[in-house]
């Protein structure tokens, strides 16, 4: 069972603590929960993937995202940044680490490796205030965490054989970093 197949929703969509109405996660052992309630993916990445995967159908939602965004890139947003979209509020918690279902969706054994290497991961959001969102809503960065790591830096801490100790400390110190990631980074630091 999977929820990776998405299509754009018309009208307003309710945002609850654990997901968007009508867009629930299938495998709650690895997806969903408060720290991964909503997955956002930058629309800017679609041009790159259309060049990389010319035979693939890449409509909005192709990467399993709940929200296809504009203006929020992994190189700029940080763990702990707060967003307002529609009447809902969110906190950025972590990048997406792809699972085998992305390979099934695209029918490619190499997509997970390519996805990670591209550093175009998208990011998960924790819902801080329930509300409603809809296509075309303005995304407002309402609070930034300048001392935190960017999503791109976070991915680099995972895939790097010799991660920067200072970045590891910053990721651990950020309250929005999920505890499972903090534990992982503590082990990397020691």
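Among the candidates 134, 156, the residue that is surrounded by fewer than 20 Cβ atoms within 10 Å (Cβ to Cβ) and in contact with a strand residue (DSSP E or B) (Cβ under 6 Å, 6 or more places away or on another chain) is uniquely 134. State yes or no: is residue 28 more than 24 Å from residue 119 (Cβ to Cβ), at pLDDT below 95 and crowded, with 17+ Cβ neighbours inside 10 Å? So residue 28 fails the test. Pairing residues of the range 57-71 that are on the phi > 0 side of the Ramachandran plot with residues that are modelled with pLDDT of 95 or more, at Cβ distances under 7 Å and at least 6 apart in sequence or on separate chains, gives 61/68; 71/139. Within the range 138-151, being surrounded by 17 or more Cβ atoms within 10 Å (Cβ to Cβ) and either closer than 15 Å to residue 71 by Cα or in contact with a helix residue (DSSP H, G or I) (Cβ under 9 Å, 6 or more places away or on another chain) (or both) holds for 139, 148, 149, 150, 151.
In the range 44-78, the residue that is surrounded by the fewest Cβ atoms within 10 Å (Cβ to Cβ) out of those that are in a loop (DSSP other than H, G, I, E, B) and within 12 Å of the chain's Cα centre (by Cα) is 73. In the range 80-88 there is at least one residue that is modelled with pLDDT of 95 or more, farther than 18 Å from residue 19 by Cβ and assigned to a strand (DSSP E or B). Of the residues contained in the range 89-108, one or more are found to be in a helix (DSSP H, G or I), in contact (Cβ under 8 Å) with a residue 24 or more places away in the chain and touching a helix residue (DSSP H, G or I) at 6+ places or on another chain (Cβ under 6 Å). Residues in the range 174-190 that are farther than 19 Å from residue 36 by Cα and touching a helix residue (DSSP H, G or I) at 6+ places or on another chain (Cβ under 9 Å) were compared, and the one that is surrounded by the most Cβ atoms within 10 Å (Cβ to Cβ) is 188.
The values are calculated or read from the model by the stated rules, or taken from the named source; none is laboratory data. Computed from a prediction, not measured in an experiment: that's the story for all the values here. Neighbour counts run over all protein chains shown; Cβ positions are idealised from the backbone, glycine included.
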